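The values are calculated or read from the model by the stated rules, or taken from the named source; none is laboratory data. Remember, it's a predicted structure, so these values are computed and weren't measured experimentally. All Cβ positions, even for glycine, are placed from backbone atoms using ideal geometry, and neighbour counts span all protein chains on display.
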Amino acid sequence: MITFTSISVNKLAELDRQGDPDVIDVRTPVEFREVHAEIARNVPLDSLDPQAIMKLRNGTAEEPLYVICHSGSRSSMACQKFVDAGFLNVVSIDGGTCAWEEAGFPVVRGKKSISLERQVRIATGFLTLIGALLGFFYSPYFIGLSGFVGAGLMFAGITDTCAMGMLIAKMPWNQCQYGSCSV
């Protein structure tokens, strides 16, 4: 299996001082609007098309493409998409935007929003509570809802993918209408 490489935010900042690295941020548009590395452009993971990205690079497909997200998980998934599509010179940024910001590197701040991770925690907590309450007060069969959510969380932890997160990322409140995601 072919894999991709990763680098620290310090190394990325060094590369930025030496030139103009091509950095894409694969978080949702709303997350990107809230805070992002100054050198990054937004290409959400759920709509990522490696072929289209490489075509837009105007003959620089051989140069490294750096991928950043919130903490490193989604950038790894995006890098794997590129590798699976045959593009091997992709690099995941360890620690993501969190590490970039903590290191004091330049960020662009915009409108605040609830992070995707927090939205997932709210939704899973709500569904678990509803399942337990309905199971207690209405029918014990509703306890299955809590069990289903728990199994989903376990699966997400084991596979490092989150179906609920991907679904919530597509919700209207996590999308930007034309012109509304400008910082």
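Only one entry in Val149, Val120, Val90 is closer than 30 Å to Ala52 by Cα, outside the structural domain of Pro29 (by TED's automatic domain parsing) and touching a helix residue (DSSP H, G or I) at 6+ places or on another chain (Cβ under 7 Å), namely Val120.
With respect to Ser71, determine if the residue is assigned by TED's automatic domain parsing to the domain that holds Val9, in contact with a Gly (Cβ under 6 Å, 6 or more places away or on another chain) and not in a helix (DSSP H, G or I). So Ser71 passes the test.
Taken together, the residues in the stretch 10-34 that are under 13 Å from the mean Cα position of the chain (by Cα) and among the aliphatic types (A, V, I, L, M) amount to 3. Within the stretch 97-120, take every residue that is surrounded by fewer than 14 Cβ atoms within 10 Å (Cβ to Cβ) and either touching a Ser or Thr at 6+ places or on another chain (Cβ under 8 Å) or part of a helix (DSSP H, G or I) (or both) and give me the one that is modelled with the lowest pLDDT. Among residues in the stretch 97-120 that are surrounded by fewer than 14 Cβ atoms within 10 Å (Cβ to Cβ) and either touching a Ser or Thr at 6+ places or on another chain (Cβ under 8 Å) or part of a helix (DSSP H, G or I) (or both), the one modelled with the lowest pLDDT is Arg118. Checked against the criteria, Ile130 does not count as at pLDDT 80 or above and loosely packed, with under 14 Cβ neighbours inside 10 Å. Scanning the stretch 20-36 for any residue that is surrounded by 13 or more Cβ atoms within 10 Å (Cβ to Cβ) and without any contact (Cβ under 8 Å) to a residue 24 or more places away in the chain turns up nothing. For the stretch 1-46, residues that are farther than 16 Å from Ser71 by Cα, hydroxyl-bearing (Ser, Thr, Tyr) and modelled with pLDDT of 85 or more total 0. Return yes or no: is Ile143 assigned to a helix (DSSP H, G or I) and over 23 Å from Arg74 (Cα atoms)? Taking the combined requirement at face value, the residue satisfies it.
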